[in-house]
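The values are calculated or read from the model by the stated rules, or taken from the named source; none is laboratory data. Keep in mind the model is a prediction, meaning the values are calculated, not measured. Here the Cβ positions follow ideal geometry from the backbone for every residue, glycine too, while neighbour counts run over all protein chains shown. Side chains are part of the model used for accessible areas, which takes the heavy atoms of the whole protein and leaves out ligands, DNA and RNA. Shrake-Rupley method; radii C 1.70, N 1.55, O 1.52, S 1.80 Å.
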Amino acid sequence: MTKENNAPIDNVLRQYFHQEMPKPFPKAPLVFHKPFNRFSGVSARLALAASLLILFGMGLLWPRYSTNNTINFKSIPSSASDDKRHRLPLYDSKDGSKALTTPIAK
Amino acid sequence: MEKEFEKLYAAHGRAVWAVAYARGLNAEAANDVLQETYLRLWRKMLKGSVIRQARAWLIRVARNLAEDFARSSFQKNGTISPEIFDSIGSKIIAPDSNLVNSELKIQIRNGLLEISPTDREILSMRYALDFPVSEIAQSLGLLPSAVHMRLSRARTKLADILKNMGVEVP
């Protein structure tokens, strides 16, 4: 087969292989040396810093606004003789018929 | 190391694809083989292994993987062959030119399957990548004169096969 005769089969083959070739050509496999290397870039770091800041802020503010954890230091008895210490109702578990009493009522 | 990896992909990725494609003439399988070949290269690099002739190593691995893929049970007993897929009809009537093109494509594919895998590799590199003979020879570990000869023979053989199929090469 001469060079001139090759031209048609050349064109046919070129067309065939060019059609088969993926376009765009696939990218290289994603391989990373370090496990957290993918979390990179300015935006990713900013997002990380912002989320840490929010968590830190929540840690500071949460106890202040929570009523369950509030300790009112003014209500604590100033001394051991303070009668406020004994005003809590007492309950005798052995005798269920007795009413609730307090040491002061006795 | 990542930069080196990317560089090797840019330099030899297409040649690896062409070799993988030449084995089974399946573009999707060639893509998979390409990815797997480079993953193996990456693992080698992580281990600190030195690969002196990267292109030769990559092509050897791609050939083996393509061979394994062709032998796999899925490929042998696979669901539906590309020829059957191509022959599935549609409610939308394709233009005549498209029909002729797809028929010609199937015939070329069948013709290519009749020539040797090495000749297919040479044709694939020559026509998919437009590689010069010297580069094909270097990639496949052959002499340039041998590549010239095989290229010429493969073209002639393929032209004869297509002629016997009744294909009129435009």
Test of understanding: among B:91, B:76, B:157, which residue is modelled with pLDDT of 85 or more and more than 25 Å from residue B:13 (Cβ to Cβ)? B:157
Taking the range B:1-23 and keeping residues of a type outside the set (Phe, Trp, Tyr) and either within 9 Å of chain A (Cβ to nearest Cβ) or farther than 17 Å from residue B:126 by Cα (or both) leaves B:1, B:2, B:3, B:4, B:6, B:7, B:8, B:10, B:13, B:14, B:18
Within the range B:26-71, track down each residue that is of a type in the set (Val, Ile, Thr) and without any contact (Cβ under 8 Å) to a residue 24 or more places away in the chain. B:50, B:51
Return the only residue of A:64, A:14 being in a helix (DSSP H, G or I) and either modelled with pLDDT of 85 or more or under 30 Å from residue B:122 (Cα atoms) (or both). A:14
Being hydrophobic (A, V, I, L, M, F, W, C) and closer than 19 Å to residue B:53 by Cα is the filter; apply it to the range B:134-170 and report the residue that is farthest from the other protein chains (Cβ to nearest Cβ). B:143
For the range B:122-133, which positions are within 12 Å of another protein chain (Cβ to nearest Cβ) and not hydrophobic (A, V, I, L, M, F, W, C)? B:124, B:126, B:127, B:130
Out of curiosity, is residue B:56 open to solvent by 20 Å² or more (accessible area, probe 1.4 Å) and either away from every other protein chain (no Cβ under 12 Å) or at pLDDT below 90 (or both)? yes
If a residue has to be open to solvent by 10 Å² or more (accessible area, probe 1.4 Å) and not in a helix (DSSP H, G or I) to count, how many in the range B:110-167 make the cut? 12
